[in-house]
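Engineer: After the structure tokens below, expect a handful of questions from me.
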Amino acid sequence: MKPSKIFKLAFNMVRGSKLRSWITIIGVVVAVASVITIISAGELMEKQVTHELEKLGGDVISVYAITTETSSKTPELTKTDVLVIKGIPSVKYVDKRVNSYSKISYGDKELYSQITGVDPAVWPKITQEKVETGRMLQPGDKNVVVISNYLANEEFNRKININQIIKIGNKSFRVIGILDNDSSGLASLFSGGIYAPLDSVYDIEQDSDYSVPKERGTYDSLEIKLKENVDTDAAVQDIEQKLRTSRHVTEKNQDFYISSAKSFIESSQSIIGGITLFLSFIAGISLIVGAFGISNTMFTAVLEKTKEIGIMKAIGAKNEDILLLFLFNSGLIGLAGGFLGLLIGVLITQVITYVIALKFGTPFELYVSIKAVVVALVVSIGAGILAGAVPAYNASKLKPVDALRSE
């Protein structure tokens with residue numbers, strides 16, 4: 001029997017039992033749509049989080065002082081640490097930072113936020129952020145700030161424009177720059193969205209419950225930008241070793257911590273990838289359930305078509321023809337479920353993409369994981385064929401006399 005004839009008969013079998021076929025197909029649709037949605041959403045989230053973290057500087061290393069059990073006083077980062085780090089060949093820039101949590105006043109509204117004091121000569125060279133209006137900080141600036149787009153447009157009752165005055169703690173600052181909305185993302189979230197010259201932040205009145213005033217010459221963190229084509233991991237080890245020697249500490253009583261944006265990005269990718277894999281595994285279980293549904297449908301179809309199988313064999317159909325007929329039948333159910341699941345999964349993915357775009361303030365782009373599509377379709381068709389293999393084999397082994405005698 002020609003394959004085209006077998007395919008036509010299989011298609012008519014699916015059409016002939018619409019209700020049962022559709023109930024089986026729906027099980028496959030749910031499974032495929034779930035797999036495509038979960039994998040696509042996971043890849044999209046990983047892409048967006050990586051993009052946002054890269055705004056912090058993919059080649060930037062951060063150094064923080066930490067309290068240890070053996071230290072008698074709170075460790076600090078000082079000018080000596082800056083000089084040590086600047087002497088390392090792989091280091092290009094070192095930005096000194098001080099954080100202040102203070103009251104921000106503008107118009108008739110007040111709020112509390114973190115203010116990040118930066119070196120105005122270095123910060124513009126290492127940050128990934130860009131100004132939409134105004135300018136970045138420059139050497140010699142005092143009592144001026146660059147603020148995030150969100151703070152300028154959303155936080156207060158009226159917009160903050162360039163050259164307007166806001167009060168931070170007990171001091172007045174002039175706004176000289178407003179960051180571009182696309183570049184401020186997570187970086188502004190971590191910093192509070194307010195950047196000021198380092199020397200001006202030391203004198204700000206702080207909320208003692210959330211921040212401790214720093215003496216001039218001491219810092220909350222040091223942001224290090226490496227030279228191009230430098231091995232980040234090797235640079236981290238070099239910085240760590242030099243600081244241990246300078247600060248007279250060992251690995252056991254080390255009073256500072258070093259992190260890199262690269263390691264943070266890799267960790268976030270690993271976590272998101274693990275969660276996506278786990279959820280995909282859970283969704284994959286529904287594919288197994290769908291396969292059992294196909295198998296049950298095929299066993300029922302064999303019972304219903306027993307006499308027809310006997311007639312087909314009596315007029316010359318071979319065992320291989322009967323086998324292919326029922327394999328085509330189960331494969332069509334898997335294909336139909338996979339295709340409909342693909343359409344629904346892609347639609348749901350676009351909704352999720354739109355929500356993520358709104359959340360991160362990025363342009364909406366159509367997105368679907370090609371890997372998820374290929375895996376879902378191959379698995380759904382494969383599950384359909386495998387699920388129908390046993391019923392198809394049983395049908396092919398029926399003897400014509402026994403099949404024709406059945407009721």
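Engineer: Criterion first (part of a loop (DSSP other than H, G, I, E, B) and either crowded, with 19+ Cβ neighbours inside 10 Å or touching a residue at least 40 places away in the same chain (Cβ under 8 Å) (or both)) does VAL230 satisfy it?
Structural biologist: yes
Engineer: Another question about this same structure. Which condition number in (1) closer than 30 Å to ASP203 by Cα; (2) in a helix (DSSP H, G or I); (3) open to solvent by 50 Å² or more (accessible area, probe 1.4 Å) is the one that LEU243 fails?
Structural biologist: (3)
Engineer: Which ones in the stretch 247-285 are more than 23 Å from the chain's Cα centre (by Cα), closer than 19 Å to ILE88 by Cα and crowded, with 16+ Cβ neighbours inside 10 Å?
Structural biologist: Listed by number, the residues that qualify are ARG247, VAL249, PHE256, ILE258.
Engineer: Which pairs do you get when a residue that is over 19 Å from TRP123 (Cβ atoms), found in the stretch 83-112, comes within reach of a residue that is among the aliphatic types (A, V, I, L, M) and open to solvent by 40 Å² or more (accessible area, probe 1.4 Å), reach meaning Cβ atoms under 7 angstrom, with the pair 6+ apart or on two chains?
Structural biologist: SER90/VAL230
Engineer: Which condition breaks for PRO139 when tested against (1) open to solvent by less than 80 Å² (accessible area, probe 1.4 Å); (2) in the same structural domain as ILE224 (by the TED database); (3) within 22 Å of TYR219 (Cα to Cα)?
Structural biologist: (1)
Engineer: Mind counting the residues in the stretch 95-122 that are on the phi < 0 side of the Ramachandran plot, small (Gly, Ala, Ser) and open to solvent by 30 Å² or more (accessible area, probe 1.4 Å)? Before the answer, list the steps.
Structural biologist: We begin by selecting, within the stretch 95-122, every residue on the phi < 0 side of the Ramachandran plot; these are 95-106, 108-122.
Within this subset, residues satisfying the condition of being small (Gly, Ala, Ser) are 100, 102, 105, 113, 117, 121.
The next check asks that each one be open to solvent by 30 Å² or more (accessible area, probe 1.4 Å); those that pass are 121.
Summing the residues that are on the phi < 0 side of the Ramachandran plot, small (Gly, Ala, Ser) and open to solvent by 30 Å² or more (accessible area, probe 1.4 Å) in the stretch 95-122 gives 1.
Engineer: Could you check how many residues of the stretch 130-175 are under 24 Å from TYR202 (Cβ atoms) and hydroxyl-bearing (Ser, Thr, Tyr)?
Structural biologist: 2
Engineer: Further question: Looking only at the stretch 130-159, how many residues end up being out of contact with any Ser or Thr (no Cβ under 6 Å at 6 or more places or on another chain) and either of a type in the set (D, E, K, R) or without any contact (Cβ under 8 Å) to a residue 12 or more places away in the chain (or both)?
Structural biologist: Step one: list which residues in the stretch 130-159 are out of contact with any Ser or Thr (no Cβ under 6 Å at 6 or more places or on another chain), which gives 131-141, 144-147, 150-159.
Cutting the leftovers down to either of a type in the set (D, E, K, R) or without any contact (Cβ under 8 Å) to a residue 12 or more places away in the chain (or both) gives us 132, 135, 141, 153-155, 158-159.
Residues flagged as out of contact with any Ser or Thr (no Cβ under 6 Å at 6 or more places or on another chain) and either of a type in the set (D, E, K, R) or without any contact (Cβ under 8 Å) to a residue 12 or more places away in the chain (or both) within the stretch 130-159 amount to 8.
The values are calculated or read from the model by the stated rules, or taken from the named source; none is laboratory data. This structure is a prediction, so every number in the text was calculated from the model and none was measured. Heads up, the Cβs are rebuilt from the backbone with ideal geometry, glycines too, and the neighbour counts pull from every protein chain shown. Note: accessible area is taken over every heavy atom of the protein model, side chains too, but ligands, DNA and RNA are not part of it. Shrake-Rupley method; radii C 1.70, N 1.55, O 1.52, S 1.80 Å.
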